[in-house]
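Asker: My questions all concern the structure below.
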Amino acid sequence: MDWMKVQQALDKSGFDPGPFDGIAGPKTKAALIQFQRSRKLSPDGIVGPLTHKALLTAGIGADNYESLHPETGLSRIIMHWTAGADGVNDLERSHYHVIVDRLGKVFMGALKPEANESCRNGQYAAHTRALNTGSIGVAMDAMAGAKERPFDPGKYPITEMQVTAFTSVIADLCETYKIPVTRQTVLTHAEVQPTLKIRQRNKWDITWLPGMDRPGTPLEVGDKLRGLIKAAAL
Ligand SMILES: [Zn+2]
């Protein structure tokens, strides 16, 4: 975050952030909160996506977008299940950046999300066919032995507490990497083909969640997860 740019934008909007020193001190924070109130944004003193957009339109200039929020090159999150049994193993850790087990415990993968900014050097987490560049892969460790038709969740079905931890860790990742929660940017593996038109091989993760008696359509389950992610971000 380039706070000097934030201070300049606040100043242009008529709020006094104090000197343009690039430090998020009390005066700058107070001006930011006043600015947020004036735009009907939640007055939290944090430059989240909505406040960021409002600051941009306050005259900061689109060409300065990158310096305000350095582009990480990570633009989407793909949600999976591992089709594994209990116990996060090294193979799973190499394929996903974050894994949540059935007790809701969060495990970091072997590689950081930044490894997928570019996949040219071969050091990246391979989780989605032809769509690993720019994609953070997050998985629920579950569904070993599950069958789509006739539906059988197997011995390791996704659990409620797993979904809660999974959606809350994704909300955090969205905030960290400035990824908006939309159908194009936070989506299940099963949605990649219908939504982004990138062919996958019969992937049905994630089309079933606890409480459903059979898998739903990719979009309806994706929307449900996005709803939970948005709620977790509040
Ligand atoms: Zn998958």
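Please treat every number below as a calculation from the coordinates, not as lab data. Note that the coordinates shown come from a computational prediction; the quantities given were computed from them, not determined experimentally. Quick reminder, even Gly has a Cβ in these numbers, built from the backbone with ideal geometry, and neighbours come from all protein chains shown.
Asker: Mind checking which lysines have their Cα closer than 25 Å to the Cα of Lys29? Skip sequence neighbours fewer than 8 apart in that chain.
Answerer: List returned: Lys5, Lys12, Lys40, Lys53, Lys178, Lys230.
Asker: Moving on. Cut-off is 10 Å between beta-carbons; in what order do Ile136, Ile99 appear when sorted fewest neighbours first?
Answerer: Values: Ile136 30, Ile99 26.
Ranking Ile136, Ile99 by Cβ neighbours within 10 Å, fewest first, gives Ile99, Ile136.
Asker: Further question on the same structure: Residue separation times 0.36 nm, minus the C-alpha to C-alpha distance between Cys119 and Met212: what's the value?
Answerer: Details: separation 93, 0.36 × 93 = 33.48 nm, distance 3.63 nm.
In short, 29.9 nm is gained.
Asker: What are the radius of gyration and Dmax of the chain, computed over its Cα atoms and given in Å?
Answerer: Expressed in Å, the Cα Rg and Dmax of the chain come to 20.1, 66.
Asker: Looking only at the chain, where both bridge partners belong to it, what percent of the DSSP beta bridges are antiparallel (to the nearest 5)? Please list the in-between numbers first.
Answerer: On the way: 4 of 17 bridges.
DSSP beta bridges in the chain are roughly 25 percent antiparallel.
Asker: Only Cα pairs under 8 Å and at least 6 apart count here; give the relative contact order of the chain as a rounded whole percent. Kindly include the intermediate steps, with their values, before the conclusion.
Answerer: Numbers: 429 pairs, mean separation 39.3, N = 234.
It comes to 17 percent, rounded to a whole number.
Asker: Using Cβ counts within 10 Å as a stand-in for footprinting exposure, how do Thr159, Thr82 rank, fewest first?
Answerer: On the way: Thr159 19, Thr82 23.
Going from sparsest to densest Cβ surroundings: Thr159, Thr82.
Asker: If you don't mind, there's one more thing I want to ask. Based only on other Cβ atoms within 10 Å, what is the fewest-to-most ordering of Tyr96, Tyr156?
Answerer: Numbers: Tyr96 26, Tyr156 21.
Exposure proxy ranking, most exposed first: Tyr156, Tyr96.
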